[in-house]
Amino acid sequence: MECLIAPPSMVSTEQRQHAEHIFLSFRKSKSPFGVCKHILETSKVDYVLFQAATAIMEAVVREWVLLEKNSIESLRTFLLTYVLQRPNLQKYVREQILLAVAVIVKRGSLDKSINCKSIFHEVSQLISSGNPTVQTLACSILTALLSEFSSSNKTSNIGLSMEFHGSCKRVFQEDDLRQIFVLTMEVLQEFSRRENLNAQMSSVFQRYLALANQMSLGRHYIAVFEATQNVMLKPTESWREALLDNRVMDLFFTVHRKIREDSDMAQDSLQCLAQLASMHGPIFPDETAQVSYLAHMLEGLLSMINGIEIEDSEAVGISNIISNLITTFPRSVLTALPSELFSSFINCLTLLTCSFGRSAALEEVLDKDDMVYMEAYDKLLESWLTLVQEDEHFPRGCFVQPAVQVFNSYIQCHLAAPDGTRNLTANGVASHDEEEINELQEDDRELFSDQLASIGMLGRIAAEHCIPLLTSLLEDRVTRLHGQLQRHQQHLMASSAPDSVDRKVLDDLYEDIHWLILVSGYLLADDPQGETPLIPSEVMEYSIKHSTEVDINTTLQILGSPGEKATSIPGCNRTDSVIRLLSAVLRTSEVESRATRASLIELLSPQMGKDIVWFLRRWAKTYLLVDEKLYSQISMPLSTAFGADTEGAQWIVGYLLEKVINNLSVWSSEPELANDTVELLVTLVEKRERANIVVQCENWWNLAKQFASRSPPLHLLSSPIQRTLMKALVLGGFAHMDSDTKQQYWAEVLHPLQQRFLNLINQENFAQICQEEAVKQEIVATLEALCGIAEATQIDNVGSLFSFLMDFLSSCIGLMEVYQNSPETVNLIIEVFVEVAHKQICYLGETKSMKLYEVCLTLLQVYSKNNLGRKRLDVAAEEDQYQDLLLIMELLTNLLSKEFIDFSDTDEVFRGQEQSTGAGRTVSAADVVLFGVNIVLPLMSQDLLKFPSLCNQYYKLITFICEIFPEKIPQLPEELFKSLMFSLELGMTSMSSEISQLCLEALSPLAEQCAKTQEKDTPLFIATRHFLKLVFDMLVLQKHNTEMTVAAGEALYTLVCLHQAEYSELVESLLSSQRDAVIYQRLADAFNTLTASSTPPTMDRKQKVAFLKSLEEFVANVGGLLCVK
Amino acid sequence: MADADLDFTTGDAGASATYPMQCSALRKNGFVVLKGRPCKIVEMSTSKTGKHGHAKVHMVGIDIFTGKKYEDICPSTHNMDVPNIKRMDYQLIGIQDGYLSLLQDSGEVREDLKMPEGDLGKEIESKFDAGEEILVSVFYSVYLKLEPLTLQIAILLIVLFILGSTNFYFVLFPPLQITVLSAMNEESAVAIKAMAK
């Protein structure tokens, strides 16, 4: 055998494959121990040694029961001695041999045949030898043991049940792990006492440190979440003595101090400290213990940080320690700290945050790839947020000064010199380069949203300082911007030559304003998704506190005169600061608007334009027409300026509207800015109270007319923006108006759309001109507008919008024919249907739903006809080529969704009448959807399922169908039925867990359907039998996602009800394959208990619930037994 | 001449060869003139120089006649030329010496379009011989090159068989030369149009 495997390095591929085959079969050979020992002792080829070690490991596990315990013991000793005697072995060979040792120890721990303690004894002897090589070896042994017992992916595949792996781990954790820990601490202790470490020593040291980190401590405890980098340490009580010892913590601080200049080692030691900082759980006997532990930790940390200048490589580690401390320890523990210690900690945190912030800014200037300070800064800001969000636990005002400092430093880093340090390198040189920014790059307000949220929160804490600061900085920048733009204009007027002035000054101002507005926006308001945003209590209190000193009239004057310099208004010091900050943004907005009127658009920054409308939108949602009922106390200035029925509110609505209109006409070429602008408009009209004021403005009507006539400049806007604009115009139409006005409004907004459309498609020569670009554009614009109208649907306007849209839908079907070879137009037509179904079906009564179903059915028929035999050219083509398919599936899913969400008023329907008049021609949702499925299923090839969006939509659709119309499934044509079943099986077995879950959910209704009809041997009946086996295997034999247990359990239960005999067979055959009597009994018992509560199984909810409960226990009990690793 | 309608030198019914459109209002799958060639836009993205710069539009287009790729980048406020694309419908009434005889609505017949070569040609022939009714839509765009009086007429054609098989065929007919557009994707069906009666 040896000669066969000897020279693998100088052979052909064929020979190599042959040799490999030999190795593989060698590893499977029976009792290879003698041969292996021989190989190990004689061979010089590393690879062969490696294979021999592997063969031993596999054979030991395979033949464990047959082997004499003594021979195992001696094998282990042999391996260990072998390694000890050969210090020059290749690393991978040594590790493999040690792995074999670890596997033996682990397997032995099961039947207690091997005394684990002996190995620790041996290791501790090795450690105390003082010889670095030997110590390294000891470390390798410990590492091998650790990874073998961790029951993670690193664990070797030794063909034992997951349950075995789990129990090994638990035993190990309680006992041996602590021993390893103690050994490691000893080594570290010893090393930390030495004055000088030579290279070899320090590498040993490093390995132990890495070991300490690896073991320490987290990984073993939370095996499930291993992938997450930051594990929280939650040891059991039995660790109290080992871990709560202050010396352990001190040791790690000492160690870190010693090795902090070595960035790799420092990472390990800081990680250890971070883990200690996250300690929680039963290890603490009481809160006092927690307090003293934390106090000790903080003292260590403070003395560590204060004594040193932090290295780049330490930043993230240190911020992890702090963040862990703040998130892990309860507020009560923090407040119980000695107040001096607490305040030095907060001081230190403040300084650290400011310093990391500055370094992060520097990193940005240097454009470093590895942004360590940015990461550290983010972590610390996040910790601040955690701290101050619960600041009622802390002494009042204790965070104000720190907040001021952190806030100031943030502002300073983001402003240009001389006020700030933006773009300054460490030696004060400004760097300024213009990089290309593509559309995929996120805007700062999203990119830095976490930072900004923290800074905004700190700004609220220190509102007294921060709001006036932002105001004065912003006012100053705006004045300067105004002056700068004026100079440019004069220059332009004076010389006909193109403006050659450097944009640097302008760009610096824009960037300053950009950040000031972002911070102001985050400070003044939140952006809660879905909820009504409230004025932050800190801001409200701040405004109230000063309301007595405030002169309301001057405040309103400042607010109402954005064209004037704020400081030029007499008495400007006695104004409400919150309103003043808004006014500062309005002043920015006004400078921008005036510049556009003076044809200086080229000089303006679209980014600043975006910032302004973004701010105004955020502000308007929270402050405009402030609802006093939502607050326990309200500030007079705020309610006077922005409350309902105030002139201030009316004025500002008018101003915002004017801004929107101006932006839409001058910024049509800036898609993002136009989009932010139109979103501001939607915000203004989506709430009825605001809309009521909006529709009183003449400008609003002008906008509506202008848009309806599709005249410049609005028609230059890109289509998504036109769509949203339409939505806003429709929403506005439902504001409060007298009926004449309302009629007039719709006549202005919607009727022209209809008229133009009808005029166009009813032209005699439409068939000839329909492909002309101009005609197509008109059609596309109409379709976009229809989508916008559908998007504007709300519960109280659905009636009128539905009737309006229905008139169009039939014409749209005609367009499907005309434009059948213009995919993007076809897609847009389908999209109109998708939107209508999506937004409206849940509100529609029966008659109206029927109408919608009918028209959708016709659409599908036309689509199907046009698609018949159509070849899609390249299967490997891009996803968007299948947009139509995706949209059709979306449409079907939307139609089905009515079965789940239905807000319609059933009284509206005259059922009897409906049935008598139209029984013959009514169309049900089922008809439409099944017809659609007939189209979609044959098109959905396996290749298409590789596209995630198509795949998800497809499975969502078929699950819905099975759940809602199970009775229709058996009626499907044979081919369709087969492919549906195949899809379900495919989805269950080889797709993501999400899809697998969907498919499982589809099974129960199918099985119930079978049970209902009582027919055996139908294709569905046979298919469900097949699914029983699949689900059974999935639950019992495979490692499955625990989230799926419920879905799989429900499916299993109904399938079991349907196929009781087959289920018993499955159980029987599984049991009969068990050779181990103990396991057999356990399994048999488990299966009995599983079905005990539901014998005989019937489709009864109560029984099903009982079954699911037992299933949970079943999985916990024996789930690991059959799942082998 | 049978096809008086195809007198491109003067333009058809007053329509010009191109018309201007603001760059930002162009859309993917639409048409635009890039580097002097009428193109279908297959990719569109925006970018800016510096955070406070103005948007620029980056376009990738496929020449609708040659299938060649062209790119351009321009400020989004600029106007671009959009080519006018027209369509003519014919009924296939005969095949002679490798040329198609196409009947216009007006009753006139044009016979200057060559039968596609290869399998496609054979299939058209056999379908036609089998008596299937075939409607041919010819799409063309007028484009004046920089050289004066050099008139380029390109005609794109798709044939859709309405009886029996219903496959699409994409064929490109520049004057006197036939190319089968195997490389073109399905969406080119805008430029290449089929119509069944």
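Tabulated values for the structure
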item: Leading residue by the ranking (modelled with the lowest pLDDT) among those in region A:147-187 that are basic (Lys, Arg) and within 26 Å of A:Glu63 (Cβ to Cβ); result: A:Lys154
item: Residue in region A:520-537 that is within 14 Å of chain B (Cβ to nearest Cβ), at pLDDT 95 or above and either loosely packed, with under 14 Cβ neighbours inside 10 Å or within 46 Å of the chain's Cα centre (by Cα) (or both) present; result: no
item: The listed residue being in contact with a Ser or Thr (Cβ under 8 Å, 6 or more places away or on another chain) and more than 14 Å from every other protein chain (Cβ to nearest Cβ), out of A:Leu624, A:Leu604, A:Leu556; result: A:Leu556
item: Some residue of region A:695-707 being among the aromatic types (Phe, Trp, Tyr), surrounded by fewer than 23 Cβ atoms within 10 Å (Cβ to Cβ) and modelled with pLDDT of 90 or more; result: yes
item: In region B:17-30, the residues that are at pLDDT 85 or above and either of a type in the set (Lys, Arg) or assigned to a strand (DSSP E or B) (or both); result: B:Pro20, B:Met21, B:Gln22
item: Qualifying positions in region A:561-592 - surrounded by 18 or more Cβ atoms within 10 Å (Cβ to Cβ), of a type in the set (S, T, N, Q) and either within 16 Å of A:Pro468 (Cα to Cα) or at pLDDT below 95 (or both); result: A:Thr575, A:Ser577, A:Ser583
item: Matching residues, region A:297-343, being of a type in the set (S, T, N, Q) and surrounded by 20 or more Cβ atoms within 10 Å (Cβ to Cβ); result: A:Ser319, A:Asn320, A:Ser323, A:Asn324
item: Qualifying residue in region A:338-359 (condition: farther than 21 Å from A:Glu309 by Cα, modelled with pLDDT of 90 or more, assigned to a loop (DSSP other than H, G, I, E, B) and in contact with a helix residue (DSSP H, G or I) (Cβ under 9 Å, 6 or more places away or on another chain)); result: yes
item: Counted residues, region A:46-74 - those being within 46 Å of the chain's Cα centre (by Cα) and surrounded by 21 or more Cβ atoms within 10 Å (Cβ to Cβ); result: 7
item: Helices (runs of 4 or more DSSP H) lying entirely in region A:649-749 (those with 1 or more residues that are closer than 21 Å to A:Val832 by Cα); result: A:671-686, A:698-708, A:719-732, A:739-749
item: Matching residues in region B:27-36 - criterion: being more than 9 Å from every other protein chain (Cβ to nearest Cβ) and either in contact with a Pro (Cβ under 8 Å, 6 or more places away or on another chain) or surrounded by fewer than 20 Cβ atoms within 10 Å (Cβ to Cβ) (or both); result: B:Val32, B:Val33, B:Lys35, B:Gly36
item: Failed condition for A:Ala767, given (1) touching a residue at least 12 places away in the same chain (Cβ under 8 Å); (2) assigned to a loop (DSSP other than H, G, I, E, B); (3) of a type outside the set (S, T, N, Q); result: (2)
item: Criterion violated by A:Glu679 - all others in (1) closer than 20 Å to A:Val613 by Cα; (2) surrounded by fewer than 19 Cβ atoms within 10 Å (Cβ to Cβ); (3) modelled with pLDDT under 95 satisfied; result: (3)
item: Residue in region A:783-793 that is within 14 Å of chain B (Cβ to nearest Cβ) and more than 26 Å from A:Gln696 (Cα to Cα) present; result: yes
item: A:Ala595 vs. criteria under 42 Å from the mean Cα position of the chain (by Cα), more than 24 Å from A:Thr683 (Cβ to Cβ) and crowded, with 21+ Cβ neighbours inside 10 Å; result: yes
item: Given (1) within 14 Å of chain B (Cβ to nearest Cβ); (2) within 41 Å of the chain's Cα centre (by Cα), index of the condition A:Glu773 fails; result: (2)
item: From A:Val1046, A:Val1078, residue being over 24 Å from A:Glu974 (Cβ atoms), over 42 Å from the mean Cα position of the chain (by Cα), part of a helix (DSSP H, G or I) and modelled with pLDDT under 85; result: A:Val1078
item: Residue count for region A:973-995, restricted to those that are aromatic (Phe, Trp, Tyr) and buried (at least 16 other Cβ atoms within 10 Å of the Cβ); result: 1
item: Leading residue by the ranking (farthest from the other protein chains (Cβ to nearest Cβ)) among those in region A:812-844 that are outside any helix (DSSP H, G or I) and not polar (S, T, N, Q); result: A:Leu844
item: Filter result for A:Ile779 (within 14 Å of chain B (Cβ to nearest Cβ) and buried (at least 17 other Cβ atoms within 10 Å of the Cβ)); result: yes
item: Selected residue [more than 10 Å from chain B (Cβ to nearest Cβ), touching a residue at least 60 places away in the same chain (Cβ under 8 Å), part of a helix (DSSP H, G or I) and of a type in the set (S, T, N, Q)] from A:Thr858, A:Thr847; result: A:Thr847
item: Residue match in region A:836-848 (condition: of a type in the set (D, E, K, R) and more than 34 Å from the chain's Cα centre (by Cα)); result: yes
item: Odd one out for A:Gln633, checked against (1) in contact (Cβ under 8 Å) with a residue 60 or more places away in the chain; (2) crowded, with 21+ Cβ neighbours inside 10 Å; result: (2)
item: Selection count, region A:363-387, where residues are surrounded by fewer than 20 Cβ atoms within 10 Å (Cβ to Cβ) and of a type in the set (S, T, N, Q); result: 1
item: Among (1) at positive phi; (2) modelled with pLDDT of 85 or more - the single one A:Ser31 does not satisfy; result: (2)
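Let's see how each residue does on (1) crowded, with 19+ Cβ neighbours inside 10 Å; (2) without any contact (Cβ under 8 Å) to a residue 24 or more places away in the chain; (3) more than 20 Å from A:Ile888 (Cα to Cα):
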position: A:Asn762; (1), (2), (3): no, yes, yes
position: A:Leu783; (1), (2), (3): yes, no, no
position: A:Leu786; (1), (2), (3): yes, no, no
position: A:Ile795; (1), (2), (3): no, no, yes
position: A:Phe808; (1), (2), (3): yes, no, no
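The values are calculated or read from the model by the stated rules, or taken from the named source; none is laboratory data. Bear in mind that the values here come from a model prediction, so they are computed numbers and not experimental data. Note that each Cβ is placed from the backbone with ideal geometry, even for glycine, and that neighbours are counted across all protein chains shown.
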